[in-house]
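Trainee: One structure, pasted below without further comment.
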Amino acid sequence: MTDTTNRTDVYDKKIFTPSLLFSDLGYLISHGRAIGRAMKNPEVGRDFIGKIMMVVTAINGCTYCTWFHAKQAVEGGMSQEEMQSMFDLQFEASATEHELPGLLYAQHYAETNRQPDPDMTARLNDFYGETTARDVMLMIRVIFFGNLLGNTFDAFPARLKGQKAPGSNALFELLFWIATAWLMLPTKWLMREKKGDDPDQPAPATGPVSSARIASRRPSAHPPGRG
């Protein structure tokens, strides 16, 4: 396998392939009601969902999602320090006991490119119970789709600058860019207008998440906040 590390002619962010795009679209559409229920689950809550999305985005490096979720976090009252800890993957000090296993799993899921260790998934279920664990995983899938959407939109312009995504092709990237420009170009414009409010780019992962880090956590004796 060719090592693409530090190569300036490679667009090395995760992007869609045609088959992955249609597979993910089908998954989200078929799970639409479940996603709606997950977003109303008080065991998850708005703040927890936002943190999950920031952690996954930090791994996948979507510029648009970074800007959007940083903006949402600030508007929701999150401190600059806590927000940065999410993007830097240094969230263990600021996350609650209830949130930490889900955030560690989200990081692991993104680091392994959607191939989590079965033991990690089992521990997630043991900690939260089947329903809430499923809802956490649904939120991870939702933001993963958003990350790849943003990254794939940028793949064609990157190709024009000489940075090609391994395993991709120009025709698919162009068609994807055309199909999503109505959404992404206004977002890009808003980002430029508010450039002074943008957070730093997501930091690289600090290392693989071990299942022991989840195993060491125990459910809080008190119910989680209603977010």
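The values are calculated or read from the model by the stated rules, or taken from the named source; none is laboratory data. If you're wondering where the values come from, they're calculated on a predicted model, not measured in any experiment. Note that each Cβ is placed from the backbone with ideal geometry, even for glycine, and that neighbours are counted across all protein chains shown.
Trainee: Tell me which of these D117 doesn't satisfy, since it passes every other one: (1) in contact with a Gly (Cβ under 9 Å, 6 or more places away or on another chain); (2) more than 18 Å from N41 (Cβ to Cβ).
Mentor: Among (1) in contact with a Gly (Cβ under 9 Å, 6 or more places away or on another chain); (2) more than 18 Å from N41 (Cβ to Cβ), the lone unmet condition for D117 is (1).
Trainee: Let me ask another. Does D126 satisfy being touching a His at 6+ places or on another chain (Cβ under 8 Å), under 24 Å from H31 (Cα atoms) and of a type outside the set (G, A, S)?
Mentor: Here the answer is no, as D126 does not meet what is asked.
Trainee: Limited to the stretch 101-153, what total is found for residues that are of a type outside the set (A, V, I, L, M), in a helix (DSSP H, G or I) and within 16 Å of M53 (Cβ to Cβ)?
Mentor: Narrowing the stretch 101-153 to residues of a type outside the set (A, V, I, L, M): 101-102, 105, 107-109, 111-119, 121, 123, 125-132, 134-135, 141, 144-147, 150-153.
Remaining after also requiring in a helix (DSSP H, G or I): 101-102, 105, 107-109, 111, 118-119, 121, 123, 125-128, 130-132, 134-135, 141, 144-147, 150-153.
Then keep just the ones that are within 16 Å of M53 (Cβ to Cβ); that gives 102, 105, 107-109, 111, 135, 141, 144-147, 150-151.
Of the residues in the stretch 101-153, 14 are of a type outside the set (A, V, I, L, M), in a helix (DSSP H, G or I) and within 16 Å of M53 (Cβ to Cβ).
Trainee: Would you confirm whether any residue within the stretch 45-59 is outside any helix (DSSP H, G or I) and modelled with pLDDT of 95 or more?
Mentor: First, pick out the residues of the stretch 45-59 that are outside any helix (DSSP H, G or I): none.
No; the residues of the stretch 45-59 include none that is outside any helix (DSSP H, G or I) and modelled with pLDDT of 95 or more.
Trainee: What number of residues within the stretch 154-172 satisfy the criterion of being touching a residue at least 40 places away in the same chain (Cβ under 8 Å) and either aromatic (F, W, Y) or over 30 Å from F48 (Cβ atoms) (or both)?
Mentor: Step one: of the stretch 154-172, the residues touching a residue at least 40 places away in the same chain (Cβ under 8 Å) are 154-155, 158-159, 162-168, 172.
This time we only want the ones that are either aromatic (F, W, Y) or over 30 Å from F48 (Cβ atoms) (or both), so: 155, 158-159, 162-168, 172.
Residues flagged as touching a residue at least 40 places away in the same chain (Cβ under 8 Å) and either aromatic (F, W, Y) or over 30 Å from F48 (Cβ atoms) (or both) within the stretch 154-172 amount to 11.
Yes/no per residue for (1) within 15 Å of F144 (Cα to Cα); (2) surrounded by 15 or more Cβ atoms within 10 Å (Cβ to Cβ):
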site: G45; (1), (2): no, yes
site: I52; (1), (2): yes, yes
site: V56; (1), (2): yes, yes
site: G61; (1), (2): yes, yes
site: Q72; (1), (2): no, yes
site: Q80; (1), (2): no, no
site: M83; (1), (2): no, yes
site: S94; (1), (2): no, yes
